[in-house]
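Right, one structure below, let's go through it.
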Amino acid sequence: MYGNACSLKDVDILKIQSPRHSVGGPYVVVYKDVEQRWAIVALDWDGRPRLGIRWFWGNSGNPLSSGYPTWFVIPKPLTRNMLNGLAINHNIACKVNNYLCGKISGDELKTALTSVSVGSDSVDDGAE
């Protein structure tokens with residue numbers, strides 16, 4: 001149903017940086033669902049901390065713009081509910097929330113979460 005062509009390795013997910021004039025980072029994979037093939041990342045959108053989401057199915061996933069993989073940026077009013085609805089460790093959620101509130105930078109978030117377990121996946125595991 002979902003297809004397997006798109007990589008769900010964290011390193012590949014974090015390579016998606018389109019549109020380049022608006023996206024900073026992405027810094028970390030906050031959550032990914034390997035079975036349904038989607039992921040949420042922490043990124044900067046026009047210089048502001050946000051969450052982005054996309055599907056990783058078929059040859060290119062979704063969303064796309066002019067044939068390039070892009071992120072759907074979660075509107076700020078939905079961000080807290082989305083973050084709270086994820087099955088992630090409370091400490092990780094707190095660090096992501098600190099990033100979203102501007103208390104830490106994306107690079108500080110990345111450093112804080114390096115090698116920290118996110119659900120059944122690791123932030124930098126590279127596993128599919």
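Things to note:
- Residues (among the β-branched types (Val, Ile, Thr) and within 9 Å of the chain's Cα centre (by Cα)) located in the stretch 1-26: ILE13
- Taken as a whole, the condition of being assigned to a strand (DSSP E or B), of a type outside the set (A, V, I, L, M) and on the phi > 0 side of the Ramachandran plot does not apply to GLY52.
- For the residues ASN59, ASN84, the requirement of being more than 16 Å from VAL29 (Cα to Cα) and either of a type outside the set (Val, Ile, Thr) or free of Cβ contacts under 8 Å to residues at least 12 places away in the same chain (or both) singles out ASN59.
- Residue list for the stretch 1-53, restricted to those being of a type in the set (D, E, K, R), buried (at least 19 other Cβ atoms within 10 Å of the Cβ), without any contact (Cβ under 8 Å) to a residue 60 or more places away in the chain and more than 13 Å from ILE74 (Cα to Cα): ARG37
- Tally, over the stretch 74-118, of residues that are basic (Lys, Arg) and in contact with a strand residue (DSSP E or B) (Cβ under 6 Å, 6 or more places away or on another chain): 1
- Extreme residue, surrounded by the fewest Cβ atoms within 10 Å (Cβ to Cβ), among residues of the stretch 70-79 that are of a type outside the set (A, V, I, L, M, F, W, C) and closer than 20 Å to GLY25 by Cα: PRO75
- Qualifying positions in the stretch 55-71 - among the aromatic types (Phe, Trp, Tyr) and assigned to a loop (DSSP other than H, G, I, E, B): PHE56, TRP57, TRP71
- Among (1) buried (at least 18 other Cβ atoms within 10 Å of the Cβ); (2) in a loop (DSSP other than H, G, I, E, B) - the single one ALA87 does not satisfy: (1)
- Selection from the stretch 23-39 of residues that are touching a Gly at 6+ places or on another chain (Cβ under 7 Å) and closer than 14 Å to LYS95 by Cβ: TYR27, TYR31
- Where SER66 falls short, out of the listed (1) touching a residue at least 24 places away in the same chain (Cβ under 8 Å); (2) farther than 18 Å from THR114 by Cβ; (3) of a type in the set (Ser, Thr, Tyr): (1)
- On the stretch given as the stretch 106-125, residues that are crowded, with 16+ Cβ neighbours inside 10 Å and either out of contact with any Ser or Thr (no Cβ under 7 Å at 6 or more places or on another chain) or at pLDDT 95 or above (or both) total 7.
- Count of residues meeting criterion [of a type in the set (A, V, I, L, M, F, W, C), assigned to a strand (DSSP E or B) and over 11 Å from the mean Cα position of the chain (by Cα)] in the stretch 27-49: 1
The values are calculated or read from the model by the stated rules, or taken from the named source; none is laboratory data. Quick caveat: nothing in here was measured; it's all calculated off a predicted structure. We place every Cβ from the backbone using ideal geometry, glycine too, and count neighbours over all the protein chains shown.
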